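> Got a structure for you, written out below as structure tokens; questions coming shortly.
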Amino acid sequence: MTENKSNDPANDSSRRTFLKYMTMLGAAAVSVGVLRGALQNIAPAISGITGGFPTMQLVDSSGNPIKTTSLVVNNPQIVTFNYPLQSDPSFLLRLGDSSNNDKVINPVSVPASPGFPAFTSPGGTGPYKSVVASSAICQHLGCKPPAIRFHPPSASSYPGKIHCGCHGSTYDPYNGFSIITGPTVHPLPNITLNWDSTSDTYSVTGMLGPTIYGQPSDLSGGTPFPSGTTKTTVTSEVP
Ligand code: FES
């Protein structure tokens, strides 16, 4: 004859103890989940990037690689891409002379600025060594395009300069994005570009110079790209 264990008082007691522990365990798990969610909401946005600057290919809005022919010499439009964070607009310039012929941009030493050492701007890349890039966030108080933009050499105001309309800072893209006039006390952070001569394509690989305005580091303090992003889109806007 089979014994009915459900009527055994000792067995009932151990089952109640087991259920009690399971209930406590469930409550603890819920608490941990709530706590983690709360912490994620409180924590400042930080970059998911680890191990240094990402390499990202420059592409157009259709996802096709940017080639030299995609870039207009002395383009009067504002040409930007986001790097190294999704919330960081950056300038992409194909620089030319006053006749709109490509101009070779040589490496240049950019002087130290408060809190940051001097650095060597890498100069231009591409087949004519005329393509350069920098942060498009003004180093004075953080104005972004279109308030800050490049004025081509043929422009009537600020020819050949990057000018910020917020308080008048000007930068020299032909010389490492160095300061021409304040109130900024920092040059624009330079972005390093890699040009693949075989495919005529461009990638961004890192940054040089002072930290992007308003961020504790270039890789934190803004909105990061989703993990695994390998491309960044170049866009143009009419000033
Ligand atoms: S924010 Fe650009 S000059 Fe002040």
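Laboratory data are not the source of any read-out in this text; all were calculated from the coordinates shown. All values derive from a computational prediction rather than experimental measurement. For neighbour counting, all protein chains shown are included, and Cβ atoms are generated from backbone atoms with ideal geometry for every residue, glycine included.
> Most exposed first by the Cβ proxy, i.e. fewest other Cβ within 10 Å, how do T80, T120 rank?
Exposure proxy ranking, most exposed first: T120, T80.
> Also, quick follow-up: Considering only DSSP beta bridges whose two residues both sit in segment 56-237, what percent are antiparallel, to the nearest 5?
The answer is about 95 percent antiparallel.
> Hey, can you rank 230-237, 158-165, 71-78 by average C-beta count inside 10 Å, highest first?
158-165, 71-78, 230-237
> If you count, for each residue, the other Cβ atoms within 10 Å and average over each peptide, how do 127-139, 177-189 line up from highest to lowest?
With the highest mean Cβ count within 10 Å placed first, the list reads 127-139, 177-189.
> Work out the P(r) tail for segment 56-237: percent of alpha carbon pairs separated by more than 19 Å, whole number.
Tail of P(r) above 19 Å: 54 percent of Cα pairs.
> Expressed as a whole percent, how much of the Cα-Cα distance distribution for segment 138-212 exceeds 14 Å?
Percent of Cα pairs beyond 14 Å in segment 138-212: 63.
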